[in-house]
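Trainee: Here it is: the structure, laid out below.
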Amino acid sequence: MKLNRIHHIAIICSDYEKSKHFYVHILGLTVVREVYRSERQSYKLDLAVGDTYQIELFSFPDPPRRPSRPEALGLRHLAFEVNNLEENIRHLINHNVPVEPVRMDEWTGKRFTFLADPDDLPIELYEK
């Protein structure tokens, strides 16, 4: 088996408009396609992250809650590479998005921080 790359990352949200605003207007992802699937009462929003990865943002009626922060079993967090960590932190704070204190990766010497999406999904910003 040979895997080429990550094709997409799927996220289910509880409030579609709120999450769409967060990912598009605050994080700055580009809308590729948006569809409403009436048979499932579900939106599917395809978002581009740079020119490499795609996030699929879904809405479903009454999805179950995520267990808890990053140490819960399953997906730990979603991480985005950024060029300037401080600039991105200022942007998030200006949009009233709480950001954790900056940490240092002991192995790479790179700086990173965490924030959360509207459904408390942990998101890491990792400085290039």
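Trainee: Which residues, taken from the range 26-43, are assigned to a strand (DSSP E or B) and farther than 22 Å from Asn96 by Cα?
Mentor: The first filter runs over the range 26-43 and keeps only residues assigned to a strand (DSSP E or B), leaving 30-37, 42-43.
If the condition is that a residue be assigned to a strand (DSSP E or B) and farther than 22 Å from Asn96 by Cα, then Val31, Val32, Arg33, Glu34, Val35, Tyr36, Arg37, Ser42, Tyr43 are the ones that fit.
Trainee: Counting just the residues of the range 45-67 that are among the charged types (D, E, K, R) and farther than 13 Å from His8 by Cα, which one comes out modelled with the lowest pLDDT?
Mentor: Applying the first criterion (among the charged types (D, E, K, R)) to the range 45-67 yields 46, 51, 56, 62, 65-66.
Restricting the remaining residues to those that are farther than 13 Å from His8 by Cα gives 62, 65-66.
On the way: Asp62: 83, Arg65: 75, Arg66: 67.
Result: Arg66.
Trainee: Further, regarding this structure: Does at least one position in the range 87-99 carry a residue that is surrounded by 13 or more Cβ atoms within 10 Å (Cβ to Cβ), charged (D, E, K, R) and either under 16 Å from the mean Cα position of the chain (by Cα) or not assigned by TED's automatic domain parsing to the domain that holds Ile9 (or both)?
Mentor: Just the residues of the range 87-99 that are surrounded by 13 or more Cβ atoms within 10 Å (Cβ to Cβ), to begin with: 88-89, 91-92, 97, 99.
Keeping just the survivors that are charged (D, E, K, R) gives none.
No; the residues of the range 87-99 include none that is surrounded by 13 or more Cβ atoms within 10 Å (Cβ to Cβ), charged (D, E, K, R) and either under 16 Å from the mean Cα position of the chain (by Cα) or not assigned by TED's automatic domain parsing to the domain that holds Ile9 (or both).
Trainee: Tell me, please, whether a residue that is modelled with pLDDT of 95 or more, within 22 Å of Lys128 (Cα to Cα) and among the polar types (S, T, N, Q) can be found in the range 102-113.
Mentor: yes
Trainee: Now for a different question. Just to verify a result, which residue in the range 44-66, among those that are touching a residue at least 40 places away in the same chain (Cβ under 8 Å) and in a strand (DSSP E or B), is surrounded by the most Cβ atoms within 10 Å (Cβ to Cβ)?
Mentor: Of everything passing the filter in the range 44-66, Leu57 is surrounded by the most Cβ atoms within 10 Å (Cβ to Cβ).
Trainee: May I pose another question? Which of the numbered conditions does Ser38 fail, given that it passes all the others? Conditions: (1) under 16 Å from the mean Cα position of the chain (by Cα); (2) loosely packed, with under 11 Cβ neighbours inside 10 Å; (3) at pLDDT 90 or above.
Mentor: (1)
Trainee: May I pose another question? I'd like to check something: does the range 68-75 contain any residue that is modelled with pLDDT of 95 or more, among the aliphatic types (A, V, I, L, M) and surrounded by 11 or more Cβ atoms within 10 Å (Cβ to Cβ)?
Mentor: no
Trainee: Sticking with this structure for a sec: Within the range 1-35, work out how many residues are at pLDDT below 90 and aliphatic (A, V, I, L, M).
Mentor: Residues flagged as at pLDDT below 90 and aliphatic (A, V, I, L, M) within the range 1-35 amount to 3.
Trainee: Moving on. Could you tell me which numbered condition Tyr23 fails, if it satisfies all but one of (1) under 21 Å from Arg5 (Cβ atoms); (2) assigned to a helix (DSSP H, G or I); (3) outside the structural domain of Arg5 (by TED's automatic domain parsing)?
Mentor: Only one criterion is unmet by Tyr23, namely (3).
Trainee: Within the range 8-20, work out how many residues are under 26 Å from Glu87 (Cα atoms) and outside any helix (DSSP H, G or I).
Mentor: Qualifying residue count, the range 8-20: 2.
The values are calculated or read from the model by the stated rules, or taken from the named source; none is laboratory data. Just so it is clear, the structure is predicted and the values come from calculations on it, not from any experiment. For neighbour counting, all protein chains shown are included, and Cβ atoms are generated from backbone atoms with ideal geometry for every residue, glycine included.
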